[in-house]
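Novice: Shown below is the structure under consideration.
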C-alpha cells in the first residue's frame, strides 16, 4: 500500500482534487509577476463566493488554519478588550489561548463536548464585549454551532467565526449571518493540501483593525496593501505561489460543481456513513440535530474490539490493510472517540462503502 493509495478520512487533510494536484505543476512565477496578480485576484473573488460575502478584504493568509485564527484575533484586540468565546471542543479552547496572548480579557462560555453551544448564552455572557467568537464546525467533536442567532443579537460586538471544517461542506453565509471576521483552512472541504488560511473581514471590522497588531507577519494593515492594492502592490511577504495556484484550482472545482451540490454531496455521504454506523451498533458522539455530515464522531466500541487490539490498533489495521486513515479522539476523549472525515474529494459514496466494510471485517476478526 503506497501513500498515494491512502484514503484520508481523518479530521486532518482530505484527499485533494485531481485538478489541484495538476495546479501544483504550473511554472512558479514571482509573487509580483503581472501574470500572477490576476490569479491572486480571482482567488479572492472565488473565496468571496464560497464565503457568501461581498467583503473586499477576503484573501488567503500564508499559513495553515491556525495562522488564520491568529490573524483574526491579533488584528482586532488591544490590551484589556473583552472577548467572549464559546468552547465546546479543542478549537474553542485554542481561541481562548490566542485571544489571551493578544491581551484580551477572555470570557469563556463552555458547553459539554459533543453538544452545541446555546447562542443566547454567548450573547448574555458580557454586556459589551469587543468580540464574540465561536467555532462553526468543531473539528474535535463533529458538532455544528448555530451562527445566525449570534449575528442577529451581537449588538456592537464583532462576530468572529472559525469556518475551518465547514467552508465548502455545509452552508457558510457570512453576510446573511452578520459575521464580521471569518477564517478557514484549505485542507478540509475545499479539497486542497494544508498551507493557506482563507480570511474574510467585513468593512465594519476593517474599521476596528488596531494600529499596531502584535504580529508583523499577520498585520492586516500591511497585508491589505498587497492583496487589494490594484496594480500597485506593496511588498509584504513572499506569497506561496504554488499553494495559491492549488487554492485557485480547488475553489474552481467547488464552484463548477455548485455550492448547493457540494453541500448535498457531503450531506448524502455523511448520512450514509452515520446510518451505516448505527446499523452496526455504534453510538454517535455528536448531539443529534447538530451533527456535521463532513466529520462524524463515534464512540469507540471497547467491548467489540478484537482480542489484544486497542482502538489505536484498529485504526492502524485500517491504514495498513485498506489504506484508510481515520482519526482518534482529542483531549479528554483520546482513545474514546473516532473521527471519520468525508471532506472535499474524499466525500464519495464508494469511500463510505469501503470504510464500513473494512471496519466490519476488522471487528469481526
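Novice: Could you give the angle, 0 to 90 degrees to the nearest 10, between helix 65-74's Cα long axis and the longest principal axis of the Cα atoms of the chain?
Specialist: Taking the Cα atoms of the chain, the angle to 65-74 is about 40 degrees.
Novice: Taking neighbour Cβ counts within 10 Å as the exposure measure, how do 361, 325, 332 sort from fewest upward?
Specialist: Arranged by neighbour count, lowest to highest, 361, 325, 332 become 332, 361, 325.
Novice: Output the 0 to 90 degree angle, nearest 10, between the alpha-carbon long axis of helix 241-257 and the longest principal axis computed from the alpha carbons of the chain.
Specialist: Between helix and principal axis, roughly 70 degrees.
Novice: By its C-alpha gyration tensor, with a ≥ b ≥ c as the square roots of the eigenvalues, how is the stretch 174-216 shaped: rounded for a/c under 1.5, else prolate for a/b larger than b/c, else oblate? Write out the running numbers ahead of the final one.
Specialist: Details: a/c = 4.60, a/b = 1.39, b/c = 3.31.
Taking the square roots of the gyration eigenvalues as a ≥ b ≥ c, the stretch 174-216 is oblate.
Novice: Still on this structure: Among 164, 337, what is the fewest-to-most ranking by other Cβ atoms within 10 Å?
Specialist: Going from least to most buried by this count: 337, 164.
Novice: With runs of 4+ DSSP H residues as the only contributors, calculate the mean residue ellipticity of the chain at 222 nm using -39,500 (n - 2.57) per run, divided by the residue total and rounded to the nearest 500.
Specialist: -11000 deg cm²/dmol
Novice: Now for a different question. To the nearest 10 degrees, how steeply does helix 37-51 sit against the main Cα axis of the chain, on a 0 to 90 scale?
Specialist: Between helix and principal axis, roughly 60 degrees.
Novice: Under 1.5 on a/c is rounded, so check that first for the chain, then, if it is not, pick prolate when a/b is larger than b/c and oblate when it is not; a ≥ b ≥ c are the square roots of the alpha carbon gyration tensor eigenvalues.
Specialist: It is oblate, given that a/c is not under 1.5 and a/b is not larger than b/c.
Novice: Same structure again: With a/c under 1.5 counting as rounded, go ahead and sort the stretch 59-173 into rounded, prolate or oblate using the C-alpha gyration tensor (a ≥ b ≥ c being the square roots of the eigenvalues; past the cut-off, prolate if a/b is larger than b/c, else oblate).
Specialist: rounded
Novice: Hey, another quick one. Would you list 14, 96, 189, 269 from fewest to most Cβ contacts within 10 Å?
Specialist: Listed from fewest to most nearby Cβ atoms, that is 96, 269, 14, 189.
Each value in this text was obtained by applying a stated rule to the coordinates, not by laboratory testing. All values reported here derive from a predicted model rather than from experimental measurement. So basically every Cβ, Gly included, is an ideal-geometry build from the backbone, and we count neighbours across all protein chains shown.
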